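Engineer: For reference, the structure I am asking about is given below.
The values are calculated or read from the model by the stated rules, or taken from the named source; none is laboratory data. Bear in mind that the values here come from a model prediction, so they are computed numbers and not experimental data. Every residue, glycine among them, receives a Cβ derived from its backbone with ideal geometry; neighbour counts consider all protein chains shown.
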Amino acid sequence: MVIPRGSKVNESRKLLDLWLPPDGAGRPIACLATTFTFDPDFFEGDCLARFLGLSWKRGEGEDLAFLIDQEERLVGVHTTVVVDRSLNPEGRSLRWDVLPVGLRGGVQHAKVTLLVWDRLVRVIVSSANLTTNGYRSNAEIATALDAFEGSELPVSLFGDLLDGLGRLVSQSPADGGRQGPKQRALETLRDASQRIRGFGLPDRGRNDLRLSAVFCEPGRPALQQLDAVWRGGPARFAMVLSPFFDAEDGAKKTVAGLMKRLTQRGDVAVEFAVPVNTRMGKAVVQAPAVLRSAAPKRVELTFRTFQEEAEELRHLHAKAIIFESDEWAALLVGSSGPASKKWTLEEARGRVTRCWYEGAEEVQPGVQSGGGEAGEGGRSEARGDCAGPGYSVRHAAAVEAAG
């Protein structure tokens, strides 16, 4: 996120904290979450319990009392988890739905959560699956977008996000004319849309900050959607944070797509922030060597080691990319990594992922590359929160401390 020099850096927020009802949010109404891998017990005992405002969680006292309290609060609260049709999770509850979606030539890979309270609607876009590892062990990235009376976020941003979720839900099997999981999910989206319109959000956002939902679907690669938030001349700097890269030809196509978004004249710099493992006493960079050879010679290429916590090992799972020019910067966060099919190519196959772009006027960074202490993070003007377990790059595009 964009943090002017000298700004106060907020304390870290855990991913699970984003499921807690903010002050004044009112009673819980509905929840719709998408994930690639899924742990029903974790979702019910940790995520859903926080959303419902339970003062305790499973394992604290009598589990039976916890379950009774949770069941009572779930009455009238529509809850849906959207997964790929290949997933058949066990341990699901009769009080909430698991909705499988089948995507022709692809898989459901989005990690978006819609939380609806009486007086506030929150959309969480992240890289984290609804699993214990995703929320407690990995280094992830996430942002929360809140709609409420007085919010400065444009209504169109939430409309785009809800429309994307609606297209995803529409890929699920029909309910056969009855009030089934698909209809309940669509009802959740209609309710959220109606509440957001009632909040009186502005039609347009600020001139110095542009926000856009990115739907990485077949035929809609992520990098082509940068224009929705970009302003001015081409970028001169790009930073890519990811634990995964395509091999050989795929990596070459990713680099080629990246180069198309950068200026073709003058100095250009690209940084890759990647995990490094130790094998037989040697450090092994988890990125293909072709990333270096595929870049033109005029590009200043740098590889940076993802800085892990000294006290506990967190595996990098976050994905982000930053573009910068002399007057503008854009940040992409979400579940889309630098795979050629998702970032650059218009192919019939691929994964459906959900991300969002933020574009903003250039300012001096408040946290330098590799700088921030464990637990530092930043709050954007768009009320999107991120926090870092030890790696911050340029405009504090930080990694979420998931524990």
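Engineer: Please verify whether Gly219 is out of contact with any helix residue (DSSP H, G or I) (no Cβ under 8 Å at 6 or more places or on another chain) and farther than 24 Å from Ser325 by Cα, treating the condition exactly as stated.
Structural biologist: So Gly219 fits the description; yes.
Engineer: So, one more: Looking at this structure, is Leu223 over 16 Å from Val290 (Cα atoms), at pLDDT below 85 and not hydroxyl-bearing (Ser, Thr, Tyr)?
Structural biologist: Criteria met by Leu223.
Engineer: Any chance you could count how many residues in segment 267-283 are farther than 18 Å from Leu241 by Cβ, surrounded by 10 or more Cβ atoms within 10 Å (Cβ to Cβ) and of a type in the set (A, V, I, L, M)?
Structural biologist: The qualifying residues number 1.
Engineer: From the residues in segment 129-172 that are of a type in the set (Asp, Glu) and surrounded by fewer than 16 Cβ atoms within 10 Å (Cβ to Cβ), which one is nearest to the chain's Cα centre (by Cα)? Let's see the steps before the verdict.
Structural biologist: Restricting attention to segment 129-172, the residues satisfying the condition of being of a type in the set (Asp, Glu) are 140, 146, 149, 152, 160, 163.
Filter once more, keeping what is surrounded by fewer than 16 Cβ atoms within 10 Å (Cβ to Cβ): 149, 152, 163.
Values: Glu149: 24, Glu152: 21, Asp163: 17 Å.
The qualifying residue nearest to the chain's Cα centre (by Cα) is Asp163.
Engineer: Follow-up question, since we're still on this one. Looking only at segment 189-220, which residues are at pLDDT below 85 and β-branched (Val, Ile, Thr)?
Structural biologist: Val214
Engineer: While we're here: Can you name the number of the only condition in (1) more than 18 Å from Leu32 (Cα to Cα); (2) in contact with an Asp or Glu (Cβ under 7 Å, 6 or more places away or on another chain); (3) not in a strand (DSSP E or B) that Lys182 fails?
Structural biologist: Evaluating Lys182 over (1) more than 18 Å from Leu32 (Cα to Cα); (2) in contact with an Asp or Glu (Cβ under 7 Å, 6 or more places away or on another chain); (3) not in a strand (DSSP E or B) leaves (1) as the failure.
Engineer: Filter segment 73-95 down to residues that are modelled with pLDDT of 70 or more, out of contact with any helix residue (DSSP H, G or I) (no Cβ under 7 Å at 6 or more places or on another chain) and assigned to a loop (DSSP other than H, G, I, E, B), then give me how many there are.
Structural biologist: 5
Engineer: From Ser193, Ser172, Ser212, which residue is assigned to a strand (DSSP E or B) and not hydrophobic (A, V, I, L, M, F, W, C)?
Structural biologist: Ser212
Engineer: Scan segment 146-166 and give yes if some residue there is part of a loop (DSSP other than H, G, I, E, B), in contact (Cβ under 8 Å) with a residue 60 or more places away in the chain and within 30 Å of His315 (Cβ to Cβ), otherwise no.
Structural biologist: No; the residues of segment 146-166 include none that is part of a loop (DSSP other than H, G, I, E, B), in contact (Cβ under 8 Å) with a residue 60 or more places away in the chain and within 30 Å of His315 (Cβ to Cβ).
Engineer: Okay, next question. Is there a residue being in the same structural domain as Thr302 (by TED's automatic domain parsing), free of Cβ contacts under 8 Å to residues at least 60 places away in the same chain and either under 30 Å from Ala289 (Cβ atoms) or small (Gly, Ala, Ser) (or both) anywhere in segment 207-219?
Structural biologist: No; the residues of segment 207-219 include none that is in the same structural domain as Thr302 (by TED's automatic domain parsing), free of Cβ contacts under 8 Å to residues at least 60 places away in the same chain and either under 30 Å from Ala289 (Cβ atoms) or small (Gly, Ala, Ser) (or both).
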